[in-house]
Amino acid sequence: MSWGDSCGSHETSPVSAESPRVGAHVKRNNKPPTEAEARAVMLAAGFEPFPTVPYTTARAPWPGRCLVCGCEKDLAPSYWNVLNGQGACKECSRAKRANTRKRSLAADLHARAESLGFLPSIPYEQVGSRAPWPGVCLRCGQPISPWPMSLKNRHGACAYCAGKRVDPAVAFGKMVARGFIPSVEFPGSLQPWPGRCAKCNRRNAPTYSDVVSGGDGPCPSCARTGFDPSKPAFVYLMERTHAGRQEMQIGINQRPR
């Protein structure tokens, strides 16, 4: 047998009545498949060649439509590629890869949420990356809704545990414990919170952040240090020369307690 006899029909593959499954390893020989056999392989892969387009060679494009998504535009896989396991439809292959990525991301986010003590109330697949993910913090018990991408980027899940958000009921309790009775609802950590001192009954408006961060408490009149607005004070004017310029500063103070 000459070299030409052994390699003369390199473009074809054998498909008999017992055709190999799609994606199986195929030995090439001189016997090409019939059109019926080739169409059977393509149909098994979810692709239907157009009835008006005959089968030519194993590696030639064969126009048709996808039986899964119905796509026909620019769809012409070769029999050889389909027989060796390549997808017949580019759109379906693209969608399959996208679904694989989504499942992988969902698994990663659920594992990340568990490590942060966050219990989602619904699966990530029902939320997506562009909406908050509702659930409960297992550490403080607060209902929270972190953004999925913040979990992916290794950010914390709970704003309450991070000190970025305050429960109004908790804030009220902490202010009362420090000797201050608020008269309005919690306005926010950095906003003045009107109320009265439980000790001297004077009205004041400290911020929640200043009170819980330490110091002498919410009432300047009862504080052991700092300016006491209930006692006499004096206004001062300071003058100095700095860098060739004359500067003046005005302020108010009182004698040390």
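Computed from the coordinates by the stated procedures, all read-outs in this text should not be read as laboratory data. Since the structure is predicted, the reported quantities are computational estimates derived from the model, not experimental observations. No Cβ is skipped: glycine too gets one built from the backbone with ideal geometry, and neighbour counts run over all protein chains shown.
Close amide H pairs (under 5 Å, H built 1.01 Å from N) link G64 with F50, L75, residues at least 5 positions away or on another chain. Bridging of K152 to lysines at a Cα separation below 21 Å is possible for K102, K164, once same-chain residues fewer than 8 apart are set aside.
Between N201 and S104, the FRET efficiency from the beta-carbon distance, with R0 = 41 Å, is close to 0.10. For segment 187-200, the Karplus equation 6.51 cos²θ - 1.76 cosθ + 1.60, evaluated at θ = phi - 60°, returns couplings of x, x, 5, 9, 9, x, 10, x, x, 9, 6, 6, 8, 9 Hz by residue, with Gly and Pro reported as x. Give the separation of the Cα centroids, segment 86-133 to segment 29-80, in Å. Using only Cα atoms to place each centre, the spacing works out to 33 Å. Can you give the log10 of the normalised intensity I(q)/I(0) at q = 0.15, 0.16, 0.26 Å⁻¹, computed with Debye over equal Cα scatterers of segment 93-152? After summing over all Cα pairs, the log10 values are -0.43, -0.48, -1.07. Under 16 Å Cα-Cα from K96, which lysines qualify once same-chain neighbours fewer than 8 residues away are excluded? Qualifying lysines at Cα under 16 Å: none. In this structure, the amide hydrogen of F180, modeled 1.01 Å from its nitrogen in the peptide plane, lies closer than 5 angstrom to those of A198, counting only residues at least 5 positions away or on a different chain. Computed 3J(HN,Hα) for segment 44-53, one whole-Hz value per residue from the Karplus formula 6.51 cos²θ - 1.76 cosθ + 1.60 where θ = phi - 60°, is 5, 8, x, 10, 10, x, 4, x, 7, 10, glycine and proline marked x. What the Cα atoms of segment 147-210 give is an Rg and a Dmax of 15.1, 51 Å.
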